[in-house]
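Just so it is clear, none of the values below were taken in a lab; they were calculated from the coordinates. Being a predicted model, the structure only gives us computed values, none of them experimental. Glycine gets a Cβ as well: all are built from the backbone with ideal geometry, and neighbour counts include every protein chain shown.
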Amino acid sequence: MARSARQTTLARPVTKEGIGLHSGAPAAVTLAPAEADSGIVIATESGGEIPANADWVVSTERATTLGRDHAEARGVEHLLAALWAMGVDNARIVLRGPETPACDGSARPWAELIARAGRRRLAAPRTVHRIAEPVWVTGKGSWAAALPAERLALAVAVEYPGSAAGAQAVWLELTGARFAAELAPARTFCLEREYQALLASGLAKGGGAENAFVVKEDGYSGELRFPDEVVRHKALDLVGDLSLCGFRFVGQVIAVRPSHHLNVRLASALRERRSAGSRK
Ligand SMILES: [Zn+2]
């Protein structure tokens, strides 16, 4: 069963510049309109084109990275979350540099950029699928499921024992407005004990107080945007990774201690279930 409206794209191209969180290298993204049924496609400097779906995920180590042939796009989840949640069906993401700009570590700058571009309706119908039966994946101490429901809603729970974050949970119906207000501003974080290891490994070269916060045993490295910013950021990451299923759906998604790896596995499972269903 599917509900239909019309597909959308961006009304005009928009560009954002910055530095990559992991590489520290200059990075820029141009979001450009695209025709109906083209979906979200990432064009890299090497000339490669990568469809933004789970088939092209090459790494989920601290960020979600898509790759195809020699083209690679690192850290795309915040941008993809904003496009998906704000109802942009078709867009071309032109990437300069190896990853997306870190911005302030949240999806708020992307949400603002998309709002600035505006949306344009296309003639082609949009299909919104219903989750017909539970789809779930399990990991080490974690699980995620998509269940039948009338609307798209997320429930996310995390637990960081021995840290200020402790146990947190968030539930919301995912609309563009609620995404922009309640999830998009939540910034990237890391646990204090991971922080030194990250620096030593050469990752997070572009990381700093302006685009991430550190969760300590007894507090945080700076002021928070929400008391439960940690779980809200995990929900934001989940939205971006879920978008890699490559279609729109209504259903209740529940994720307990999610990771990029687990999220992408759920997106893949939804993708497989859908293509199995369409072969019937
Ligand atoms: Zn993130």
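Give the separation of the Cα centroids, segment 92-113 to segment 134-161, in Å.
Rounded to whole Å, the Cα centres lie 26 Å apart.
Would you mind calculating the gained length between Arg6 and Arg96 on full extension (0.36 nm times residue separation, minus the Cα-Cα distance), in nm to one decimal?
29.3 nm
Which residues among segment 149-164 fall inside the zone where the amide N is under 20 Å from a point 7 Å beyond the Cα of Val128, along Cα→Cβ?
149-155
For segment 143-153, just list the computed ³J(HN,Hα) in residue order, Karplus coefficients 6.51, -1.76 and 1.60, θ = phi - 60°, integers in Hz, with x standing in for Gly and Pro.
Going residue by residue, I get 7, 8, 9, 10, 10, x, 6, 6, 10, 8, 9 Hz, with x marking Gly and Pro.
In what sequence, highest mean first, do 71-78, 29-36 appear when ranked by Cβ atoms within 10 angstrom?
71-78, 29-36
Along the Cα→Cβ direction, 7 angstrom out, place labels at Trp143 and Ala169. What is the inter-label distance in nm?
1.4 nm
Ordered by packing density, taken as the mean number of other Cβ atoms within 10 Å over each peptide's residues, highest first, how do 102-113, 208-219 rank?
102-113, 208-219
Only bridges whose two residues both fall in segment 141-230 count here: according to DSSP, what percent of them are antiparallel, nearest 5? Numbers along the way, then the final one.
Numbers: 9 of 12 bridges.
Approximately 75 percent, going by the DSSP bridge assignments.
Expressed as cubic angstrom per residue, what is the convex hull volume of the alpha carbon set of the chain?
122 Å³
Run the quick spin-label model on Tyr160 and Ser275: label points 7 Å from Cα toward the beta carbon, then report their separation in nm to one decimal.
Taking the simple label geometry, Tyr160 and Ser275 are separated by 3.6 nm.
What's the exposure ranking of Ile254, Ile50, going from fewest to most Cβ atoms within 10 Å?
Ile254, Ile50
Of Ala111, Ala124, Ala81, which is farthest on the positive side of the dipole of segment 2-127, counting Cα position, with +1 on Lys and Arg Cβ, -1 on Asp and Glu Cβ, and the Cα centre as origin?
In segment 2-127, that residue is Ala124.
Using Cβ contacts closer than 10 Å as the measure, can you line up Thr65, Thr100, Thr138 from fewest to most? Please list the in-between numbers first.
Numbers: Thr65 22, Thr100 26, Thr138 12.
Taking fewest neighbouring Cβ atoms as first place, the list is Thr138, Thr65, Thr100.
Just for the chain, what percent of DSSP beta bridges are antiparallel, to the closest 5?
Of the beta bridges lying entirely in the chain, close to 75 percent run antiparallel.
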